[in-house]
Ligand code: KG4
Ligand code: ZN
């Protein structure tokens, strides 16, 4: 099956996005309308505002995605939409729009898991990457290590017991008054700091060495900031950012390498917003090199939320005739695997 064009829609959080992807690997357009400027006024995503903005933006974004791809709706073979996980009101805007478009255009509808979308962001940019491989998903809401045995087949090897990696970045950035979203701000500030200045804990989960836990680290950083403040000491924010970031990247790297060592998997693909972190990319890439593991990462734009990744994931459902019906609903708490 070739030249299959999928129009994909993504609206699970604060990005309204639409893309046209051919055969799961070629991005013909990838339009992202970010609401960050509005939400940062409140220090985080406000769900009700996100839903309203998606309603305003979704049709223009889809029109632009078709235009940039040089397509009319009639040229599209299927409509794909993220149905979870995410904010329910935000997801519903995409799901309702996807269903309406599929119905009026008489095209099949494909329901895509947002986390599977993040992993699939690797396909258009690493054309040689094919399952089986190990996937590390580190986003604002999710932290997973998974064995991707085939397209659409995921076995969870490790997950977070509390906060997601991106959530930890956002909370520490807030404590340091760096603004929202915190990950990119900490990434930039950490470049000016010393990662060994403060020793923060690298927590492990006793009975599950490949699970993650970031809440202890978060508390340790907050306690450090409070105690320095109470003692009247000036806080070196760059050192805190660098030391916190190195605790996160060490914890993530350890588990990813443990998984590769234990399973003998020789391919590791990273995904999700935190996969844009420069220190994490460098550390994983160097650890993989030492072990002769091929390391795959999407470009920075494809790490954070976008619709091209949804179109890539959808293609592998299209070729298996895995279509959704018109009673598709949003599933805010959807997991992977
Ligand atoms: O994947 P994503 O766009 O949305 C979710 O599905 O959650 O991830 C957003 C998360 C935010 O927590 C943001 O702070 C984090 O990714 N992030 C980063 C970087 N860029 C985005 N974290 C660390 N370093 C970055 N450069
Ligand atoms: Zn995401």
Q: With respect to residue 116, determine if the residue is within 17 Å of the chain's Cα centre (by Cα) and either within 16 Å of ligand 1 (Cβ to nearest atom) or not assigned by TED's automatic domain parsing to the domain that holds residue 280 (or both).
A: yes
Q: Taking residue 197 as meeting all but one of (1) more than 24 Å from the chain's Cα centre (by Cα); (2) under 23 Å from residue 139 (Cβ atoms), write down the number of the exception.
A: (2)
Q.
Contact list please: Cβ distance under 6 Å, first residue in the range 10-21 and surrounded by fewer than 24 Cβ atoms within 10 Å (Cβ to Cβ), second residue in a loop (DSSP other than H, G, I, E, B), pairs at least six apart or on different chains.
A. 15/305
Q. Of the residues that make up the range 150-160, is at least one surrounded by fewer than 23 Cβ atoms within 10 Å (Cβ to Cβ), outside any strand (DSSP E or B) and at pLDDT 95 or above?
A. yes
Q: Quickly run through the range 268-279 and pick out the residues that are crowded, with 24+ Cβ neighbours inside 10 Å and in a helix (DSSP H, G or I).
A: 273, 274, 275
Q) residue 236 is checked against (1) out of contact with any strand residue (DSSP E or B) (no Cβ under 7 Å at 6 or more places or on another chain); (2) within 23 Å of residue 157 (Cβ to Cβ); (3) touching a residue at least 24 places away in the same chain (Cβ under 8 Å) and fails just one. What number does that condition carry? A) (2)
Q: Could you please give the count of residues in the range 175-232 that are touching a strand residue (DSSP E or B) at 6+ places or on another chain (Cβ under 8 Å), part of a loop (DSSP other than H, G, I, E, B) and either closer than 30 Å to residue 46 by Cα or within 15 Å of ligand 1 (Cβ to nearest atom) (or both)?
A: 3
Q: Go through (1) within 16 Å of ligand 2 (Cβ to nearest atom); (2) more than 17 Å from the chain's Cα centre (by Cα) one by one and return the number of the condition residue 76 breaks.
A: (1)
Q. Which ranges mark the strands (runs of 3 or more DSSP E) fully within the range 25-120 that have 2 or more residues being within 19 Å of residue 323 (Cβ to Cβ) and in contact with a strand residue (DSSP E or B) (Cβ under 8 Å, 6 or more places away or on another chain)?
A. 78-84, 109-113
Q. (1) within 16 Å of ligand 1 (Cβ to nearest atom); (2) at pLDDT 95 or above; (3) over 17 Å from residue 335 (Cβ atoms): which one isn't true of residue 137, the others all being true?
A. (3)
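The values are calculated or read from the model by the stated rules, or taken from the named source; none is laboratory data. The model shown is predicted, which means the values in this text are computed figures rather than measured ones. Ideal geometry is used to build each Cβ from the backbone, glycine not excepted, and the neighbour counts take in all protein chains shown.
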